[in-house]
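Participant: Sharing a structure with you now.
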Amino acid sequence: MQAVLTRSAISDELRSRFACAKNVVVLTGAGVSAESGVPTFRGGGQTAVWKGMPFDVISSAGTLERDLPAVWEWFNYRRGVLRTLRPNPAHEAIARWQDRFESFTLVTQNVDGLHAGAGSRNVIELHGSVWRARCLTCNARTSLRDSDHQEGVPSCFECGSSMRPDVVLFGEMLPPGAFERAAMEAESCELCFVVGTSAVVYPAASIPEIARAAGAYVVEVNPEPTPLSNICDEVLVGKAGEILPLIG
Ligand code: APR
């Protein structure tokens, strides 16, 4: 059984860098939401499968083209689950950090909206959000936060065309500008945290690499090793909800 880290596990090096840093970047993945009950895709929690279809099939551009109603059914189901879940101490710690530094950038691969739920502002959502729909024709966006949309394909309030979940599906490009903004901040940060990601999906996984190459101190928080562990200055092995509050 994995020992729960205690305050003493946080090195003096990290403590002093955390105390002095002006520009901090945090990249998160599904693992940061695991303790809230959100299934991860690859490691730690149960893997997501929908009606026998692996997540990367139901969440793909190909399925969107072939069967838009099926994609909506899957995202309606996910929103239904997420409505019952709450941010955990990892989300809350990161939200606290945003007012602590001159410049703070939170970049997430998650589409669950739990960072915003914990009070994080200006989150760079690299993969979009399940809480928004986007028109397939005019690109108009609408929030699904207060919507009880459960059936069928919603129509665009602007042009009447079909809407799609505003989530980046497998085989699709990231929203314009999102990665570029994140990369720019990574190039000038002094401290970069990589929390709860298997670091196998690019370009998100390149953010800590960019920060490292620019001389930042990179810290990984994950119960399991990842392809990034070797380039990190410090690896804190354990759950984000237990470790991040120990840092600050
Ligand atoms: N705290 C920290 N990390 C955790 C925890 C936890 N409590 N529980 C699990 N993890 C780690 C796992 O060890 C794993 O390395 O979180 C990681 C989750 O990895 P993935 O499921 O691959 O999720 P992620 O890295 O976010 O995937 C990237 O791939 O499927 C696409 O678009 C999807 O955004 C997603 C992207």
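Rule-based calculations on the coordinates, nothing more; no lab input. Since this is a predicted model, take the numbers as computed values, not measurements. All Cβ positions, even for glycine, are placed from backbone atoms using ideal geometry, and neighbour counts span all protein chains on display.
Participant: Nearest 20 debye, what's the magnitude of the dipole of the chain about its Cα centre given +1 on Lys and Arg Cβ and -1 on Asp and Glu Cβ?
Facilitator: Roughly 400 debye, rounded to the nearest 20.
Participant: Fewest first, what order do Cys192, Cys159 take by the number of other Cβ atoms within 10 Å? Could you put the intermediate results ahead of the total?
Facilitator: Numbers: Cys192 29, Cys159 12.
The fewest-first ordering by Cβ neighbours comes to Cys159, Cys192.
Participant: I'd like the Karplus ³J(HN,Hα) series for the range 195-201: coefficients 6.51, -1.76, 1.60, θ = phi - 60°, whole numbers in Hz, and an x wherever there's a Gly or Pro.
Facilitator: Per-residue couplings from phi come out as 10, x, 10, 7, 6, 10, 9 Hz.
Participant: Go through the range 154-166 residue by residue and turn each phi into a ³J(HN,Hα) via Karplus (6.51, -1.76, 1.60, θ = phi - 60°); whole Hz please, and just put x for glycine and proline.
Facilitator: Calculated HN-Hα couplings, in order: x, 9, 5, 6, 8, 10, x, 6, 6, 10, 10, x, 7 Hz.
Participant: Kindly put Tyr77, Tyr217 in sequence by how many other C-beta atoms sit within 10 Å of each C-beta, fewest to most. The partial results should precede the final answer.
Facilitator: Working: Tyr77 14, Tyr217 20.
Least crowded to most crowded, the residues run Tyr77, Tyr217.
Participant: Could you work out [θ]222 nm for the chain from helices alone, using -39500 (n - 2.57) per DSSP H run of at least four and dividing by all its residues? Round to the nearest 500 deg cm²/dmol.
Facilitator: -8500 deg cm²/dmol, from helical runs alone.
Participant: How would Val26, Val57 line up from fewest to most surrounding beta-carbon atoms within 10 angstrom?
Facilitator: Details: Val26 27, Val57 13.
Fewest-to-most ranking of Val26, Val57: Val57, Val26.
Participant: Would you mind giving the average projected area, over all directions, of the Cα convex hull of the range 98-137 in nm² with one decimal?
Facilitator: 3.4 nm²
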